[in-house]
Every structure is written in structure tokens, then in C-alpha cells.
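Structure first, then comments.
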Amino acid sequence: LGSSSIRRLELLNQIGVKPDLILSPNIDEKIFSKELPRLYVERMSIEKNKVFQQKYYESTILTADTVVSVGRRILPKTMDINTAEKCLQLISGRRHKVFTSFTLYTPDNSPKTKTIQSILKFKRLHPDEISYYLSSKEWEGKAGGYAIQGIAASFINFISGSYSNVVGLPLAELYRALISIGYKFKHDE
């Protein structure tokens, strides 16, 4: 697994995938001028995978990237409270999209990349709700400033698409991709 995301590891465990090795890809995640969210997330997933292909060419390698977007605008991973507050204010009462792209490399096939989109709508957030959420610190390091699997679930009026995609990996699509490459699922003994 080429990801340091604890959420992705939990999602993989949910479908019975236990990575032999977990590595964090160290790449430049700069957004190009006028780059659309879907194209950005695909490029990040592929670039993260390429980091490991030469050294681990005999392995199956999974990498992924998730972004939250409003229109053509990609919201940042929130590392400070001010950025988190701006993200929450922007998505308050509005629809936004979450894209996750995963790339699956296998020694005997060309890499497969799949991108999934989910659409969500937040209720209009009262300033007190934003303050409450910010004080929870659930926003730390999250794309778009929130984690759907926490308090923010109470803000969501509508979701179309994959819930697990919003968490960080579209499990149904990943499961099918793993089946297509001949991955053998095993139960813990």
C-alpha cells in the first residue's frame, strides 16, 4: 500500500485486504494552473504509484488520492484551523464533489487507474456548528476540512455515490479491480 492514510488501511481491512508493506509516497502534490479536480486526482494516484514500481516491480501496488472540490476549485487538505474554517464556510449549504482515484499496479498487467465521483450537499452551517466542528479537530489533515465518518455526518443532507469513496477508497470498484487482476482474498487463520 502506497499510502500513509489510516482510513485507507481500515477500509482495506474491511474487505479483507491486508497489505504486506505500507509506504508513504513522497511526491510533489502541486496543483497545475487550471487543472481540473478529476485530472489532478488521477495524476496524483498515478505519480504516487510510479514512485514504487521500479523497486517493487514484482509486487501488487495500490496508491490513491482523494480531493474535495467545489466547481473547478480543489479544496486543500486542512493543516490549520483558518483553512478548515474557510473550507466549511465554502461548502456550507452547497453541493460539492469528492473524487478518489486509485492506481493498481501488478507485475503482469499494465497499471489500472479508476476514478470515482461522489456528490454531497451540506446543510447550511450555523457559525456555532462550524465552531463546534473546528473544536473537535476532526478536520486536521482532511481534504476539504471534514471527515464524513465523524461529526460531519450530521451536516450531510444528500450523498450520491460511494460513501467509502468519501472516506478515501471506493471499495466496490476497488474490490472488482482486485478480482480482475486475480487477487486472492484470504481470511485470517
In degrees, nearest 10, the alpha-carbon axis of helix 37-53 is tilted away from the dominant principal axis of the alpha carbons of the chain by 40
Over all viewing directions the Cα convex hull of the stretch 47-113 casts an average projected area in nm² of 5.8
Here the residues of the stretch 82-104 lying in the modelled label zone of PHE158, meaning backbone nitrogen under 13 Å from a point 7 Å along Cα-to-Cβ, are 93-97
Carbon and sulfur atoms account, in whole percent of the 1.4 Å probe accessible area of the chain, for 51
Hydrodynamic calc, the stretch 1-104: Kirkwood Rh from Cα pairs, then Stokes-Einstein at 10 °C with viscosity 1.306 mPa s, so D in µm² s⁻¹ is 105
With x for Gly and Pro, the residue-by-residue ³J(HN,Hα) of the stretch 62-69, computed from phi through the Karplus equation 6.51 cos²θ - 1.76 cosθ + 1.60 at θ = phi - 60° and given in whole Hz, is 10, 10, 7, 8, 10, 9, 10, 9
Loop-resident trypsin sites (Lys or Arg not before Pro) in the stretch 1-52 with no more than 11 other Cβ atoms inside 10 Å, DSSP not H/G/I/E/B, are LYS30, LYS34
Binned at 10 Å from zero, the C-alpha pair distances of the stretch 1-58 give percents of 20, 43, 31, 6
For LYS18, counting only lysines whose alpha-carbon sits under 23 Å away and dropping same-chain residues fewer than eight positions off, the answer is LYS48, LYS50, LYS55, LYS112, LYS114, LYS184, LYS186
Under a Gaussian network model of the chain whose springs join Cα atoms within less than 10 Å, the largest fluctuation of ILE46, ILE91, ILE27 belongs to ILE27
Sorted by chain and then number, the residues having a modelled amide H within less than 5 Å of the amide H of LEU75, at least 5 places away or on another chain, are VAL68, SER69, VAL70
Answer in debye to the nearest 20: the dipole magnitude of the chain about its Cα centre, from +1 Lys/Arg and -1 Asp/Glu charges placed on Cβ, is 700
Phi-derived 3J(HN,Hα) across the stretch 124-136 with the Karplus relation (6.51, -1.76, 1.60, θ = phi - 60°), rounded Hz, x for Gly and Pro, is 5, 8, 6, x, 5, 5, 5, 4, 4, 5, 4, 5, 6
Along the stretch 3-16, Karplus-curve 3J(HN,Hα) (6.51, -1.76, 1.60; θ = phi - 60°) to the nearest Hz, with x for Gly and Pro, reads 6, 9, 6, 5, 4, 5, 5, 4, 5, 4, 4, 4, 9, x
If every Lys and Arg gets +1 and every Asp and Glu gets -1 at its Cβ, then about the Cα centre the stretch 93-164 yields a dipole, in debye to the nearest 20, of 340
In whole angstrom, the spacing between the Cα centers of the stretch 16-53 and the stretch 114-156 equals 23
Percent of all Cα-Cα pairs per 5 Å bin for the chain, counting from 0 up to the last occupied bin, reads 1, 8, 16, 20, 19, 14, 10, 6, 3, 1, 0
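The values are calculated or read from the model by the stated rules, or taken from the named source; none is laboratory data. In this text the structure is predicted, and so the values were computed from the model without any measurement. Note that we place each Cβ from the backbone using ideal geometry, even for glycine, and neighbour counts take in every protein chain shown. All accessible areas refer to the heavy atoms of the entire protein, side chains included, with ligands and DNA or RNA removed. Shrake-Rupley method; radii C 1.70, N 1.55, O 1.52, S 1.80 Å.
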